[in-house]
1. How high is the relative contact order of the chain, in percent, counting Cα pairs under 8 Å that sit 6 or more residues apart?
2. Of the accessible area of the range 205-328, with the probe set at 1.4 angstrom, what percent is carbon plus sulfur?
3. Mind giving me the FRET efficiency for L289 and A259? R0 is 22 Å, r the Cβ-Cβ distance, nearest 0.05 is fine.
4. I'd like the orientation of helix 159-168 relative to the chain: the angle between its Cα long axis and the longest Cα principal axis, in ° from 0 to 90, rounded to 10.
5. Less than 25 Å apart at the alpha-carbon level, and either on another chain or at least 8 residues along: which lysines does that give for K248?
6. Taking only protein heavy atoms into account and a 1.4 Å probe, give the accessible area per residue of the chain in Å².
7. Gaussian network model of the chain, Cα springs within a sub-10 Å range: biggest mean-square fluctuation belongs to which of A194, A28, A265?
8. Taking only Cα atoms of the range 265-314, what ratio of Rg to Rh do you get with Rh as the Kirkwood inverse-distance radius?
Amino acid sequence: MTTTGKRWMMSAIGQPLLQHSFELTAPAAGEATVEIAGCGVCHTDLGYYYDGVRTNHALPLALGHEISGRVVAAGSGAESWLGRAVIIPAVIPCGQCDLCRRGKGTICPNQKMPGNDIQGGFATHITVPTQGLCVVDESRLKQAGLSLADVAVVADAVTTPYQAVIQAGVRPGNLVVVNGVGGVGGYCAQIATALGATVVAIDVDPTKLASIAAVRGAAKTINAREVEPREMKRVVGAFATERGLSSKEWIIFECSGTAAGQQTAFGLLVHGATLAVVGFTMDKVEIRLSNLMAFHARALGNWGCVPELYPAALDLVLDGRIQLRDFVEQHPLDSINQVFEDVHARRLSRRAVLIP
Ligand SMILES: [Zn+2]
Ligand SMILES: [Zn+2]
């Protein structure tokens with residue numbers, strides 16, 4: 001094993017990320033060092049980098065929390081992980097506390113998020129607790145025509161909507177609306193479809209709508225620029241009628257992470273609806289919260305995904321029920337500054353995965 005690693009570190013808001021070398025020390029008990037295969041670029045990273053959202057760990061810090069790779073060193077008690085291909089959860093709970101024991105690891109007070117609480121994945125190596133690591137079956141990976149780097153996006157872009165879909169109780173026969181089908185929302189639509197729901201995808205970008213339709217991730221697509229906000233509920237309702245689906249109990253996933261998108265999603269509440277907020281924005285919206293009461297509806301949120309759900313989410317990918325290929329593109333880690341700019345300017349239509 002090499003003795004030095006490299007990471008690209010953020011030192012201040014908007015300042016170029018700089019490469020630093022660091023010494024690879026032996027992992028502590030219960031920890032493993034992972035040689036990184038790929039790390040996805042998430043809008044949360046851009047929030048830290050461009051918008052001044054504070055990281056819990058002081059700067060300088062390597063960002064990046066969508067990580068896959070191979071265990072190359074293991075501390076005591078973690079030896080069985082050596083050599084394994086793994087996905088590192090974006091939120092690593094402690095696994096010991098009362099909340100973790102009750103399956104609520106996403107709100108574990110001792111959780112560690114790479115690129116926020118600890119050094120992140122825009123690096124050659126990372127050392128993490130083995131708690132919650134998700135094993136990747138490499139023969140199935142090969143059969144699916146995917147590389148270990150490709151499945152880095154399972155660590156957030158796939159599992160975060162997976163947790164949202166499971167939490168919302170999506171089942172066959174449901175009408176699901178996904179607002180915003182780039183990245184996370186695209187996987188949300190595919191997951192809901194895989195679980196038997198009929199999905200309506202809404203976006204302002206016709207390319208993204210075409211991509212999600214092409215992989216059969218949505219039964220209907222709506223360009224939000226072509227439908228008046230107050231007309232949106234009627235258009236979805238007409239589709240529900242056409243498909244013989246209920247006009248009640250819609251499950252709505254807000255994945256755009258924009259104020260306008262949140263308005264649209266809230267405006268789709270029907271009786272017994274579930275609204276799941278998956279996308280994030282600092283912006284505020286004006287809504288009549290009492291509509292939740294009037295419609296006997298509920299609103300949900302989730303911070304990442306508990307590690308317990310990762311294997312099932314990965315299964316959908318390895319079985320080909322979620323298409324990753326058309327939604328991921330690889331770039332060298334050395335081009336991180338350019339890739340950040342391109343993602344920020346929305347010049348990339350696929351999720352960028354940086355390869356050390
Ligand atoms: Zn993320
Ligand atoms: Zn815990």
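The values are calculated or read from the model by the stated rules, or taken from the named source; none is laboratory data. The structure displayed is predicted, hence computed values, not measured ones. So basically every Cβ, Gly included, is an ideal-geometry build from the backbone, and we count neighbours across all protein chains shown. Side chains included, ligands, DNA and RNA excluded: accessible areas come from the protein's heavy atoms. Shrake-Rupley method; radii C 1.70, N 1.55, O 1.52, S 1.80 Å.
1. Details: 817 pairs, mean separation 63.3, N = 356.
Relative contact order here is 18 percent.
2. Working: 3480 of 6860 Å².
Summing carbon and sulfur atoms, their accessible area is 51 percent of the total for the range 205-328.
3. 0.90
4. Helix 159-168 and the main axis of the chain meet at about 40 degrees.
5. K220, K233
6. Working: 15930 Å² over 356 residues.
Dividing the accessible area of the chain by its residue count gives 45 Å².
7. Looking only at A194, A28, A265, the biggest GNM fluctuation is shown by A28.
8. Rg/Rh for the range 265-314 comes to 1.08.
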